[in-house]
Amino acid sequence: MSTSPGSYLRSQKILHWLIAALIALQYLAFDSIGRTFSAAMRGAGLTYPADVLGHIVVGGAVLVLMMARIALRLRHGAPSTPPEEPAPLQWLSRAAHAAFYALLLLLPISGLVAWFMQLSSPAEVHEVMTTLLLALIGLHVAAVAVHQFWWKTGLIHRMV
Ligand code: HEM
Ligand code: HEM
């Protein structure tokens with residue numbers, strides 16, 4: 001992740017918004033998998049009602065798309081942080097972006113391991129990470145808003 005091109009590629013922008021939409025769908029429409037998972041852990045066996053299938057398909061798609069995104073990021077890089085941003089926050093922004101990449105790989109992997117191997121520890125890790133991801137999204141959107149309205153860097157245009 002070393003190069004600093006002037007802008008994100010069109011493919012990077014498409015992947016950013018596609019993954020954001022899939023994550024919204026996961027939280028808003030397919031977050032009820034826990035009930036079926038608990039029943040399976042109590043011995044009912046794995047069953048696949050629509051909400052569970054949706055969760056697995058959407059989560060699996062995030063995993064595959066994240067791999068494509070990481071390949072693009074390694075090959076093309078990302079624009080450097082705007083100079084208007086104070087140095088400690090530039091560091092924070094790089095750390096937040098790295099945390100997104102790590103979480104969006106580990107979340108689906110822990111989910112798949114929990115579900116298909118019927119293990120409770122990866123399921124607990126998965127749940128903790130879903131909360132961390134929400135917090136990170138809140139921070140990310142707040143940072144974009146500060147750029148837009150306070151530092152007036154027009155950062156949002158990088159991603160549209
Ligand atoms: C980026 C991808 C994913 C996101 C954002 C995500 C998000 C979530 C959310 C919000 C919950 C509900 C947590 C709660 O009730 O507190 C959940 C639970 C769960 N997810 Fe995922 N998930 C993803 C991928 C996957 C995948 C691919 C699987 C594979 C089957 C999976 C399996 C599970 C299981 C088994 C639970 C229930 C855990 C429990 O109740 O202990 N998830 N996930
Ligand atoms: C689930 C939701 C989201 C995730 C996981 C996410 C993730 C990321 C990541 C990892 C980056 C770093 C660039 C890259 O490597 O592609 C990024 C950049 C960016 N995101 Fe998001 N994002 C989300 C939602 C949003 C939303 C809702 C907005 C608009 C308010 C937004 C605006 C931006 C902008 C403007 C950048 C460029 C920042 C820069 O270059 O410093 N993102 N996002």
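The values are calculated or read from the model by the stated rules, or taken from the named source; none is laboratory data. The structure presented is a predicted model; accordingly, all values stated were derived computationally and were not measured. No Cβ is skipped: glycine too gets one built from the backbone with ideal geometry, and neighbour counts run over all protein chains shown. Ligands, DNA and RNA are stripped out before the accessible areas are found, and what is left, the full protein with its side chains, is counted by its heavy atoms. Shrake-Rupley method; radii C 1.70, N 1.55, O 1.52, S 1.80 Å.
General remarks:
- Selection within region 19-43 - in a loop (DSSP other than H, G, I, E, B) and within 9 Å of ligand 1 (Cβ to nearest atom): Phe30, Asp31, Ser32
- Among the candidates Pro82, Pro5, residue that is farther than 24 Å from Gly111 by Cβ and either out of contact with any Leu (no Cβ under 8 Å at 6 or more places or on another chain) or assigned to a helix (DSSP H, G or I) (or both): Pro5
- Within region 49-64, if we keep just the residues that are within 13 Å of Gly111 (Cα to Cα) and among the β-branched types (Val, Ile, Thr), the residue that is surrounded by the fewest Cβ atoms within 10 Å (Cβ to Cβ) turns out to be Val57.
- Ala71 meets the conditions (1) open to solvent by less than 50 Å² (accessible area, probe 1.4 Å); (2) more than 25 Å from Arg158 (Cβ to Cβ) in every case but one. The failed one is (2).
- When residues of region 9-42 are limited to those that are hydroxyl-bearing (Ser, Thr, Tyr) and open to solvent by 40 Å² or more (accessible area, probe 1.4 Å), the one farthest from the chain's Cα centre (by Cα): Ser38
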